[in-house]
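Participant: I have a structure here, written as structure tokens, and I will follow up with some questions on it.
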Amino acid sequence: MVDILLSLDWIEASGLVFGLACVILLIRQSILTWPLGIAYVLVSLYIFYESKLYADLILHVFFLWMNIYGWYYWINGNTEAEIELPVTRESPKVLSGLLLLSAVGVVLCGYLFTQFTDASLPYWDSTTTILSFTAMWLTARKKIESWHLWFVVDVLASGIYLFKELYFYAVLYGVYIGLAIAGYLSWRRSMATVSAAASQTNLAGV
């Protein structure tokens, strides 16, 4: 264990700090999750390039843009009178389409990385990558189903990073598993609160 700790560097450590802070703020629905998310992405881009995890590298380029989009959408995406954008559910039709596209993306991405790169664990890496694309889109739109996908991604990613000896990231994603559960429960309570307030408003207007 001591040898593992000594092998960790400050770059991985900064990724751990930024990543944890980002998710904790996301659970709290704080707008600060997005600038910290950008910092986390920039650190991760360097680490994944050095580790030849190219699918993760591409994923985090996407994450960079989605953090910018999420930051904008959480500020400007609410058309109602509420102060902040509420948590909502995605429609079954849209979710089905997203999952179908994700399945196709996993197969295609895994094949391409197998044939044209020296990527490590191409299909496992592609699975976490494509599901993360979908989860990040749902997160930016503040959809509660995003936490279901993050849970799956975190379980798979923790194992991948442990295998690749990226120990800080293995620990980080292990913690993310618990945070995904906490995030889902927190956002579900938020939805219930907003729903109850809306019901009271409707009753008062009758």
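Participant: Which peptide among 166-172, 128-134 comes first, and what is the full order, when sorted by highest mean count of other Cβ atoms within 10 Å?
Facilitator: 128-134, 166-172
Participant: With a sphere of radius 12 Å drawn around the Cβ of Tyr173, what net charge do the other residues whose Cβ falls strictly inside it have (Lys, Arg +1; Asp, Glu -1)?
Facilitator: -1
Participant: If you stretched the chain out fully between Lys52 and Val104, how much longer would it get, using 0.36 nm times the residue separation minus the C-alpha to C-alpha distance?
Facilitator: Full extension from Lys52 to Val104 adds 16.4 nm.
Participant: With a cap of 12 neighbouring Cβ atoms within 10 Å, and only residues DSSP puts in a loop, list the GluC sites (Glu not before Pro) found in segment 8-100.
Facilitator: Glu80, Glu82
Participant: Another question, if that's okay. Can you list the lysines whose alpha carbon sits under 21 Å from that of Lys93, skipping same-chain ones fewer than 8 residues off?
Facilitator: Filter leaves Lys142, Lys143.
Participant: Here's another thing I want to ask about it. Apply the Karplus parameterisation 6.51 cos²θ - 1.76 cosθ + 1.60, with θ equal to phi minus 60°, to every residue of segment 11-21 and state each ³J(HN,Hα) to the nearest whole Hz, in sequence, with x for glycine and proline.
Facilitator: Each residue of segment 11-21 in turn: 5, 4, 4, 5, x, 4, 5, 4, x, 5, 4 Hz.
Participant: Right, another one. Can you classify the chain as rounded, prolate or oblate using the Cα gyration tensor, where a ≥ b ≥ c are the square roots of its eigenvalues, rounded means a/c under 1.5, and otherwise it's prolate if a/b beats b/c and oblate if not?
Facilitator: prolate
All of the numbers you see were taken from the coordinates with simple rules; none came from a lab. The structure displayed is predicted, hence computed values, not measured ones. Please note: Cβ atoms are built from the backbone with ideal geometry, for glycine as well, and neighbour counts cover all protein chains shown.
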